[in-house]
Structures are given as structure tokens and as C-alpha cells.
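Here's the structure we're looking at; comments come further down.
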Amino acid sequence: MVRVQIAIDGPAGAGKSSVAKEVAHRLGMTCLDTGAMYRAITLKALKEGIDLHNDKLLIKLVQNCNMKIEHNRQKGTLIYLDGEDVTDKIRSPQINENVSIVAKSPGLRKKLVFLQRELAEKSNGIVMEGRDIGTNVLVDADYKFFLSASLEERTRRRWLEMRDKGLNVNYKDLLKEIDQRDRIDQERAEAPLRAAPEALAIDTTDYTFEEVVETVLKTIRNEGC
Ligand code: DC
């Protein structure tokens, strides 16, 4: 069976999750938001009060937790931790502030990358999005995209998203937090946020959601999916 793999990477707020979900939906494929996995571990680490910089403790934590991932056509990646659906809980400001620190842990990354590859193997085709999919998790992916947008535009989108959820955040604080998170993701030693050289870079600053989805689909169709 031919299992098509599509990798979408990019910084926070570039629209990766919604684009990946829609592309997967239109192609009848599974979609995986790998950031949700790092977020779920961050939730558990904060709950247990462990040192977020401690690689050994984070490995132990991931070894001792039961993480279940499901793909839902409407909602995208659903994530369960020790039997509890934490899909919404992992989007809190507290998780946003801490997830990049947790995602630096080499041991934790190794475990999660193993699970991500396993999910890709088991699927009948996957659209996987994150920071290191094209450069590390699925280096042989059939198609690679790198979505970006100006920091101001990415902050604006996140701010609107949070406002729609009833969260009242300050735009300037959010911009600072996203900027800091990007910097940690880009500067970490282990699988930093980078575009794979062969990835198609799409600056989505002036694009509508539909235009981005169409650009991705057109590229895939032109190259023959
Ligand atoms: O995409 P997101 O905002 O939900 O990702 C949350 C964090 O997880 C992000 O700041 C960096 C980390 N992450 C990562 O290091 N590697 C991935 N493949 C996905 C996310």
C-alpha cells in the first residue's frame, strides 16, 4: 500500500494545525498535531510539579503515562492522558508558556518521535505538523511545507482564537510569549525548528486560510498524490 506522508512545519501561529486538518480532510488522510503531544506531557509535568528542565524526570514521566491519540475529522487530533481527554486543557496560557522548555528535552523528544513515526506507519497516509517533521520525524516525507507569517500576524491570529474561546489576553504579552517560544524552538540543540531545504516555504501573512490550503493541495496534485 502506498502511504503518502505530508510534513508541515513552521513557527507558532502560522496556521499549521488548521491547514493540516483541512488538507487531511480533503485528501481523506489522518492528521497528527505533534505539538499536542508535547503539550500533554507539559500538562502532566506541571501537575506533578517536576522540574521542566530535567530530562531524566521527563523521560520517566512519559514512560509512566498512558497517552492515546485519536484523529477526529472535525476536531483534528484528540489526545487522552491516563484516560482523560485533555484536548482542550492543553491549550491554556500556562501550557503555552512552558511547552517550549519541555520540548527541549532530548530524551522526551526521542520517545515522542518514536510514537509519531509509529502513528505514521500505522496510518493509510498522514499529514503531520510540528517543528521538526520534515527535518527529523519524517525525513522521507513525500511532500514538505514550511508555513510562516509575520510575528504580528501570527499574534493577531492567536489573539483572535483565544478571544473566541473567551480568554482575555493582552496582545503585547502574547506577542512577547510567541516570540520567546519561537526563539527557544529555533535555538534548542535537539531537532530545532527549521525548514527542510526541499520544503516549499509559504508565507501566509497576506493569504486567506483557503488560499493556503489550495496552495498546498495544488502542489500535491501537480506532483501527483
Ligand atoms: O504547535 P504547538 O504550538 O502546539 O507546539 C507546542 C510546542 O511544542 C512548541 O512550542 C514546540 C514544541 N514542538 C516541538 O518541539 N516539536 C514538534 N514537532 C511540535 C511541537
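Quick notes
- Taking every alpha-carbon pair under 8 Å whose residues sit at least 6 apart, the stretch 116-225 reaches a relative contact order of 35 percent.
- Local net charge near residue 217, Cβ-Cβ under 10 Å (Lys/Arg +1, Asp/Glu -1): +1
- In the chain, the DSSP beta bridges split such that about 30 percent are antiparallel, to the nearest 5.
- Overall, the ratio between the Cα radius of gyration of the chain and 2.2 N^0.38 Å, rounded to two decimals, is 0.96.
- The radius of gyration of the Cα set in the stretch 35-126, together with its Dmax, comes out at 12.8, 38 angstrom.
- Kirkwood hydrodynamic radius over Cα pairs of the stretch 106-184, then Stokes diffusion coefficient at 20 °C and 1.002 mPa s, in µm²/s: 143 µm²/s
- Residue-by-residue Karplus 3J(HN,Hα) for the stretch 161-169, coefficients 6.51, -1.76, 1.60, Hz, glycine and proline x: 4, 5, 4, 5, 8, x, 8, 9, 10
- Fraction of C-alpha pairs exceeding 14 angstrom in the stretch 1-61: 65 percent, rounded to a whole number.
Bear in mind that the values in this text are calculations on the coordinates, not laboratory data. These numbers come from a predicted model, not from an experiment. Methodologically, a virtual Cβ is constructed for each residue, glycine included, from the backbone with ideal geometry; neighbour enumeration extends over all protein chains shown.
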